[in-house]
Amino acid sequence: MSSDRNASPRGTLFIVSAPSGTGKTTLCKRIIDIFPNLRQSVSFTTRPMRPGERHGVDYFFVSPETFAEMVAAGAFAEWAEVHGNRYGTAIKTLEDWRNAGLDVLLDIDIQGAAQLRESYGEGVFIFILPPDLAELRRRLEGRGTDAPEVIERRIANARREIPECVRYDYLIVNDDFDQALHRLSAILTAEACRTARVLPALAQTFEL
Ligand code: 5GP
């Protein structure tokens with residue numbers, strides 16, 4: 001990290017997608033604690049708040065009307081309907097942090113990732129996979145939070161989402177949580193070592 005803010009390049013965008021039940025949320029939470037320069041984007045959503053969630057921390061919870069107004073105003077870098085609710089990433093969230101030299105982590109679905117890939121033209125795309133569908137089913141059943149029909153829907157969604165992984169830059173199979181976290185850390189570290197990111201801080205020192 002450069003000590004001179006003006007010399008630091010814009011932060012990198014990390015886009016993480018995964019079928020439900022692959023451990024993505026926990027991985028994202030842990031990685032934020034490891035990299036001090038990384039912020040997790042807080043999305044806007046029309047879905048109702050779940051117990052324990054906080055406005056402005058987990059999501060900005062807004063009405064369908066407010067969400068539609070934001071879409072019309074071009075406020076979103078991407079947005080999508082997921083399981084009947086709308087979710088979107090505000091351009092302002094990304095730009096403010098990236099302009100301050102901070103990296104931004106987006107936990108978004110495959111539709112949102114596809115939009116960013118096409119419209120934003122930047123970003124490191126990471127897809128998390130379960131070892132196989134039988135293990136995904138075991139994990140979903142083990143959580144004990146979903147009714148059998150919800151589990152079937154999640155498995156069907158995973159079957160539909162997994163083929164999209166071929167469009168991502170990095171794939172992490174979450175067979176072992178610590179190893180998956182290690183791999184995710186390695187990707188972030190490698191991206192931070194890219195010549196284009198390191199050079200501005202070294203240019204003066206070495207007269208490059
Ligand atoms: P949940 O309602 O369980 O928090 O999230 C459901 C799904 O919505 C997850 O797959 C999550 O990645 C996705 N999601 C959360 N925020 C956004 C967003 O801003 N844009 C898109 N496209 N998907 C999102």
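The values are calculated or read from the model by the stated rules, or taken from the named source; none is laboratory data. On a predicted model such as this, the values are computed, not experimentally measured, just so you know. Ideal geometry is used to build each Cβ from the backbone, glycine not excepted, and the neighbour counts take in all protein chains shown.
Okay, here's what the table says:
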{"item": "Hits in region 21-67 (condition: farther than 24 Å from Pro130 by Cα, surrounded by fewer than 17 Cβ atoms within 10 Å (Cβ to Cβ), more than 11 Å from the ligand (Cβ to nearest atom) and not hydrophobic (A, V, I, L, M, F, W, C))", "result": "Pro36, Asn37, Pro51, Gly52, Arg54, His55, Gly56, Ser63, Pro64, Glu65, Thr66"}
{"item": "Residue check, Asp169 over 21 Å from the mean Cα position of the chain (by Cα), more than 18 Å from Thr25 (Cβ to Cβ) and modelled with pLDDT of 95 or more", "result": "no"}
{"item": "Total residues in region 108-139, condition more than 13 Å from the ligand (Cβ to nearest atom) and aliphatic (A, V, I, L, M)", "result": "5"}
{"item": "Criterion (of a type in the set (A, V, I, L, M) and near the ligand (Cβ under 9 Å from one of its atoms)) met by exactly one of Val82, Val104", "result": "Val82"}
{"item": "Check on Ile15, more than 13 Å from the ligand (Cβ to nearest atom) and either of a type in the set (A, V, I, L, M) or at pLDDT below 95 (or both)", "result": "no"}
{"item": "Checking Ser2 against (1) within 21 Å of Phe125 (Cα to Cα); (2) modelled with pLDDT under 95; (3) of a type in the set (Gly, Ala, Ser), the condition it does not meet", "result": "(1)"}
{"item": "Filter result for Arg117 (in contact with a Gly (Cβ under 9 Å, 6 or more places away or on another chain) and within 25 Å of Leu38 (Cα to Cα))", "result": "yes"}
{"item": "Filter result for the condition that a residue is closer than 16 Å to Thr22 by Cβ and either hydrophobic (A, V, I, L, M, F, W, C) or in contact with a strand residue (DSSP E or B) (Cβ under 8 Å, 6 or more places away or on another chain) (or both), over Leu140, Leu116", "result": "Leu140"}
{"item": "Members of region 79-94 that are outside any strand (DSSP E or B), surrounded by 14 or more Cβ atoms within 10 Å (Cβ to Cβ) and of a type outside the set (Ser, Thr, Tyr)", "result": "Ile91, Leu94"}
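Residues are listed down the side, and each one gets a yes or a no for (1) touching a residue at least 24 places away in the same chain (Cβ under 8 Å); (2) not β-branched (Val, Ile, Thr):
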position	(1), (2)
Asp107	yes, yes
Leu129	yes, yes
Val150	no, no
Ile155	no, no
Arg160	no, yes
Glu164	yes, yes
Ile172	yes, no
Ser185	yes, yes
Leu188	yes, yes
